[in-house]
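Only one structure is covered here, and it is reproduced in the block below.
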Amino acid sequence: MNVNDISNLIAALIILLGSIMTLISTIGIVKFKDVYTRSHAATKSSTLGVLLTLSGVFIYFWVNDHYFSVRIILGIVFLYITSPVAGHLITRAAYHSGVEMYTEEKGKKAERLN
């Protein structure tokens, strides 16, 4: 094995790990019951999954084609900044709109946070 093969293997493992994290995020969005837990699954793990996938793609192109892609770097930075902020704003809007949290007991409302 030479350095190119090892770098390709590392890039493929990072892309695979990113795909697994995105799958976990998708399962969380489907399984969770209220907007607060869904937004947590959507922002935390999917952001990590997409960042890992883009990082693997960046490593692959950098090693194989000797192409340093500024677009991929900008995509990583943009996603890293905007995704958690958007998730926070959606959750905050739901909270201020009066969306209730899910509780196990029927008929019992969740307590407000403040």
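Summed over the residues of the chain and divided among them, the accessible surface reaches 73 Å² per residue at a probe radius of 1.4 Å. Length gained on full extension, residue 13 to residue 88: 24.0 nm, using 0.36 nm per residue less the C-alpha separation.
Could you tell me whether region 3-112 comes out rounded, prolate or oblate from its Cα gyration tensor? Rule is a ≥ b ≥ c as square roots of the eigenvalues, rounded for a/c under 1.5, then prolate if a/b exceeds b/c, otherwise oblate. Oblate is the answer for region 3-112, as a/c is 1.5 or above yet b/c matches or exceeds a/b. In order along region 14-19, the phi-based Karplus estimate (6.51 cos²θ - 1.76 cosθ + 1.60, θ = phi - 60°) of 3J(HN,Hα) comes to 5, 5, 5, 4, x, 5 Hz; Gly and Pro are listed as x. Near residue 101, the amide H atoms lying under 5 Å from its own belong to 110; only residues 5 or more places off or on other chains count, and H is placed 1.01 Å from N. Along region 26-31 the Karplus relation, 6.51 cos²θ - 1.76 cosθ + 1.60 evaluated at θ = phi - 60°, assigns HN-Hα couplings of 5, 5, x, 5, 6, 7 Hz to successive residues, with x for each Gly and Pro.
The values are calculated or read from the model by the stated rules, or taken from the named source; none is laboratory data. Not measured: the values here are computed from a predicted model. Heavy atoms of the whole protein, side chains included, go into the accessibility calculation; ligands, DNA and RNA do not. Shrake-Rupley method; radii C 1.70, N 1.55, O 1.52, S 1.80 Å.
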